[in-house]
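Heads up, the thing below is written out as structure tokens.
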Amino acid sequence: GNNIVSSEDGKTGYIASSGTDQILRFDIESATEITPRLDLTAGTRPSSITMAPDFSFFTVVLIGSTMLPHLETPDSILLIDPVSFTITSTIVPTPQEEVFPPHNFGVSNTLAISSDGQFGLIGDREFSLVTGTSQIDDHALFLDLQTGETLEILNVAGVAGPAFATPDGQSFVILSDREFAIIDIESRQLTRVTPPFSGFKGTTRPAFSSDKPRMFVASPIRDFLMEFDFDRTKMIRKKIYPESDIYLYRIAR
């Protein structure tokens with residue numbers, strides 16, 4: 001879950017260290033670390049990073065540790081200024097049900113950022129982790145990254161996974177183990193799509209055509225590559241791969 005993002009000029013890389021609870025910088029050309037590191041609260045376990053489209057900030061998802069009291073140190077999202085390398089704000093999404101932990105992020109829960117940098121979407125594995133089953137719905141949290149407010153709590157199939165923004169900036173897409181959901185950023189309308197064969201994993205990443213009519217998503221469990229038409233909101237094609245081909249694809253990926 002510790003991915004690398006780069007600065008706007010491509011000279012500096014940023015990555016989270018879940019084991020030491022730090023954010024690191026490094027010079028890409030010389031492959032040397034830039035010190036000092038940004039120290040976070042012990043046990044908060046920073047994982048995935050998302051750079052804003054205009055490179056003015058990046059976000060870090062803190063998935064937390066079982067050793068931390070969840071209600072005292074809840075999972076959160078940090079907003080960091082890449083130039084000053086300082087935390088500008090912390091977002092703790094508001095809970096839906098008081099009887100459960102406020103929310104529960106996992107390593108696969110990446111944050112998607114809208115093209116204007118105002119909105120974000122992240123999966124919340126609150127219910128699937130508490131109940132230990134994927135047959136109950138999880139959540140997708142639609143956030144205002146400027147105010148930190150939770151604008152919508154949307155039901156998606158458990159286990160909620162990574163979130164992505166489409167190239168045209170109009171929609172968010174979030175994957176789960178059984179389906180994927182499309183959220184219109186302007187209206188916040190949710191469309192849930194359950195393919196006949198899903199089998200997604202937390203590491204599944206979609207690819208989009210440049211003008212967004214098509215999304216391609218692999219099903220590593222079912223050995224399918226599926227093509228989805230956004231305009232018609234339906235699957236239009238799937239290709240079956242022999243197990244050996246998918247295995248080589250997994251290694252290459």
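The values are calculated or read from the model by the stated rules, or taken from the named source; none is laboratory data. Just so you know, these numbers come straight off a predicted model, no measurement behind them. Quick reminder, even Gly has a Cβ in these numbers, built from the backbone with ideal geometry, and neighbours come from all protein chains shown. Accessible surface areas use protein heavy atoms only, side chains included; no ligands, DNA or RNA. Shrake-Rupley method; radii C 1.70, N 1.55, O 1.52, S 1.80 Å.
Quick notes
- Each Lys and Arg Cβ is given +1 and each Asp and Glu Cβ -1; about its Cα centre, region 173-229 then shows a dipole of about 180 debye.
- The share of accessible area on region 25-89 that comes from carbon and sulfur is 57 percent, using a 1.4 angstrom probe.
- Extension gain, R205 back to D231 (0.36 nm per residue minus Cα-Cα distance, nm): 7.3 nm
- D39-T147 FRET efficiency (beta carbon distance; Förster radius 25 Å; 0.05 resolution): 0.40
- Residue among T73, I4, F26 farthest towards the positive dipole end of region 1-77, charges placed on Cβ: T73
- Kirkwood Rh in Å, taken over all unlike Cα pairs in region 160-235: 12.3
- Protection proxy ranking, highest mean first, for peptides 26-32, 47-53: 47-53, 26-32, where packing is the per-residue count of other beta-carbon atoms within 10 Å, averaged.
- Within region 40-70, backbone nitrogen closer than 20 Å to the virtual label 7 Å beyond the Cα of S7 toward Cβ: 49-60
- The residues neighbouring T73, those whose beta-carbon lies less than 14 Å from its own, together hold a net charge of -2 under the Lys/Arg +1, Asp/Glu -1 convention.
- Taking Cβ atoms as reference points and 9 Å as the exclusive limit, the residues near F142 contribute a net charge of -1, counting Lys and Arg as +1 and Asp and Glu as -1.
- Pairwise FRET efficiency - T32 versus S187, Cβ, R0 = 41 Å, nearest 0.05: 0.30
- Taking every protein chain into account, the accessible area of region 25-122 amounts to 47 square angstrom per residue (probe 1.4 Å).
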